[in-house]
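Asks: Okay, handing you the structure first.
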Amino acid sequence: MGAYYDEIEIEDMAWDDDKKVFHYPCPCGDRFEISRKQLKNYEDTATCPSCSLIIRVIYDPLDFEDDSDAEDEEADSEESQETESDSDDFYDAIDKLHISALYVPA
Ligand SMILES: [Zn+2]
């Protein structure tokens, strides 16, 4: 209590997809880590496994409340699909325009 090395917002931490943890560099050379499971359980203390330092993670527990083990992919794919379909529509429209211009009866 009151012994946090620092307070870090979750947005400033990096995500390790292999270990399924958020991490942040520790001055000792290792890194502070906190898992999604901890966040979901309203824990906000990330610890460095190599030294005794801890940081307080600033985040919104509601973001992790309905987290399942299948996780993550929803948010990621949603984002990329959106940009892709936008440009597809654009090029489809160009194609149709081009084709109809070619086949206009003389
Ligand atoms: Zn450390």
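Values quoted throughout were computed directly from the atomic coordinates according to the rules given, and no laboratory measurement underlies them. Not measured: the values here are computed from a predicted model. As a convention, Cβ positions derive from the backbone with ideal geometry for all residues, glycine included, and neighbour counts pool all protein chains shown.
Asks: For residues in the stretch 35-56 being near the ligand (Cβ under 9 Å from one of its atoms) and within 23 Å of D17 (Cβ to Cβ), which is surrounded by the most Cβ atoms within 10 Å (Cβ to Cβ)?
Replies: Within the stretch 35-56, the match that is surrounded by the most Cβ atoms within 10 Å (Cβ to Cβ) is C48.
Asks: Okay, next question. Starting from the stretch 31-42, take each residue that is aromatic (F, W, Y) and list its partners that are not in a helix (DSSP H, G or I), counting only C-beta distances under 7 angstrom and pairs at least six apart or across chains.
Replies: Filtered contacts from the stretch 31-42: F32/H23; F32/Y24; F32/C26; F32/A46; F32/T47; F32/C48; F32/I55; Y42/P61.
Asks: Among the candidates Y42, Y59, Y5, Y24, single out the residue that is touching a Pro at 6+ places or on another chain (Cβ under 7 Å) and not acidic (D, E).
Replies: When all the criteria are applied, what remains is Y42.
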